[in-house]
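S.K.: Here it is, the structure in full.
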Amino acid sequence: MPSEKLTSILAHPVPEEGREVEVFWMPTTSGKFSLQSAFGDVRQTRHKSMAFTYIWHPQIPWKVSFFMLRLFLRRLPLPDRLGKLGFQLPSKCFCCSSASVESIEHLFANGHIASVVWNYFGGLCGFRCPGSFLRPHIVGWWLRLHDSETRRLIDRILPSVLCWQIWKARNKAMFEGVQMQSSAICKNIFSEIQSMVGIHFKQELQLQSFHHLYDRSHVSVGRIAYKLVRWEIKETGRLILNTDGCSKETWALLIGLQTCKNRGFENIRVQSDSLLLVEIIQQRIQCPWEIRREIRQILKLLEDPAHLSHCYREANTVADALSNVGTSHPHQQVKIYDSFTMLPRVARGAIFLDKLGLPSVRKIRRL
């Protein structure tokens, strides 16, 4: 056995619970083998392309994403591409009155129909397409910056929807004899984007124009509500252990329970601002194999998983303050404060506010 493997194995403590040996498939959190994880483990990954990230946007239908992939790779069955494969066909575009050669750049970027459509949406959104080639048109929309989530979403999906609708109109003109019209294409683009935006924000939108859709003052992305939360003692006669989930949440809870046991504290109730950890311990979701050993130790010390509850981060300010101190000194061992005066000033202030019962404000977005 290689020496580095032996060192890694010996670094793991022998389980004390006497359970049978388990085999884990490490590329998955569940420890179970899957073909997807095996493929991800053996394939040679590359840096993600910005273009592919926007092409495969979650709100864009797969058929449109596949079309955009073929468009970027210049593999659409247009006469200019077929000619390079040895198929010489008569070529005349359907988007202009003049007998222009049908090519990718002409159909989607600088032809009459394409120019009208790009300029129409660019004018409504205050954006002027750079140059006359297709890629600058598309990338220019993708790179725009906005404070509005609605406008950011529209700028990400509009180039794909626009090219898709031009392609559909071109095919109707070629196979069904329906003349390409920029007004009809713009109407279809608006309808499809409005549907995508509504699905994204879980709203049924019935706006009259693209201008109203793009104006963030006309599209509500959810109401903001505020809730007052405070640290509270749920039951008298119980000690409360608060842990913060900012880093190694699992270890924080385990060390806290071990410290309470070593000091003779019993009848403990635990609060954690990590909802994920609470659901794992209460067996609502599957436990990742990496923390299974720690979770078993926690369950032994906790006695009853029902004694663990979730609390908002705003009601967990003392643990949050102490965790910030701990993460600022990552090489320091576990530190125990035996008196109130030894605590960091920020933690003493948070304890004082909790003692007075002063609440914190939590912002909640409601759809």
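S.K.: Scan 361, 270, 334 and give me the residue that is within 34 Å of the chain's Cα centre (by Cα), buried (at least 18 other Cβ atoms within 10 Å of the Cβ) and aliphatic (A, V, I, L, M).
M.R.: None of the others qualify; the one that does is 270.
S.K.: I need every pair where a residue in the range 317-335 that is β-branched (Val, Ile, Thr) has its Cβ under 7 Å from the Cβ of a residue that is outside any helix (DSSP H, G or I) and modelled with pLDDT of 85 or more, sequence separation at least 6 or different chains.
M.R.: These pairs meet every condition: 317/360; 318/242; 325/344.
S.K.: A follow-up question, please. Any residue in the range 83-94 that is in the same structural domain as residue 194 (by TED's automatic domain parsing), of a type in the set (Gly, Ala, Ser) and outside any helix (DSSP H, G or I)?
M.R.: Scanning the range 83-94, I find at least one residue that is in the same structural domain as residue 194 (by TED's automatic domain parsing), of a type in the set (Gly, Ala, Ser) and outside any helix (DSSP H, G or I), so the answer is yes.
S.K.: Any residue that is over 17 Å from residue 163 (Cα atoms), aliphatic (A, V, I, L, M), surrounded by 13 or more Cβ atoms within 10 Å (Cβ to Cβ) and free of Cβ contacts under 8 Å to residues at least 12 places away in the same chain - is there at least one of those in the range 2-13?
M.R.: Looking for residues that are over 17 Å from residue 163 (Cα atoms), aliphatic (A, V, I, L, M), surrounded by 13 or more Cβ atoms within 10 Å (Cβ to Cβ) and free of Cβ contacts under 8 Å to residues at least 12 places away in the same chain, one finds none in the range 2-13, hence no.
S.K.: Keeping to the range 46-63, report how many residues are of a type in the set (Gly, Ala, Ser) and either more than 18 Å from residue 152 (Cα to Cα) or touching a Cys at 6+ places or on another chain (Cβ under 7 Å) (or both).
M.R.: Within the range 46-63, residues that are of a type in the set (Gly, Ala, Ser) and either more than 18 Å from residue 152 (Cα to Cα) or touching a Cys at 6+ places or on another chain (Cβ under 7 Å) (or both) number 1.
S.K.: Here's another thing I want to ask about it. Look through 114, 169, 173 and report the one residue that is of a type in the set (A, V, I, L, M) and in contact with a His (Cβ under 9 Å, 6 or more places away or on another chain).
M.R.: Among 114, 169, 173, only 114 is of a type in the set (A, V, I, L, M) and in contact with a His (Cβ under 9 Å, 6 or more places away or on another chain).
S.K.: Can you tell me which of (1) out of contact with any Asp or Glu (no Cβ under 8 Å at 6 or more places or on another chain); (2) at negative phi is the one residue 74 doesn't meet?
M.R.: (2)
S.K.: So, residue 285, is that one loosely packed, with under 13 Cβ neighbours inside 10 Å and not aromatic (Phe, Trp, Tyr) or not?
M.R.: Here the answer is yes, as residue 285 does meet what is asked.
S.K.: Also, I was wondering about something else. Could you please tell me which pairs satisfy a Cβ distance under 9 Å, a separation of 6+ or placement on different chains, a first residue in the range 45-73 that is free of Cβ contacts under 8 Å to residues at least 24 places away in the same chain, and a second residue that is part of a loop (DSSP other than H, G, I, E, B)?
M.R.: If the second residue must be part of a loop (DSSP other than H, G, I, E, B), the pairs left are 62/56; 69/56; 69/75; 70/76.
S.K.: Oh, and also: Under the condition of being of a type in the set (Val, Ile, Thr) and in a helix (DSSP H, G or I), which residue from the range 30-65 is nearest to residue 194 (Cα to Cα)?
M.R.: Checking each candidate, the answer is 64.
S.K.: Residue 103 - would you say it is crowded, with 18+ Cβ neighbours inside 10 Å and among the hydroxyl-bearing types (Ser, Thr, Tyr)?
M.R.: In short, yes.
The values are calculated or read from the model by the stated rules, or taken from the named source; none is laboratory data. This one's a predicted model, so the numbers in the text were calculated from it and none came from an experiment. Note that each Cβ is placed from the backbone with ideal geometry, even for glycine, and that neighbours are counted across all protein chains shown.
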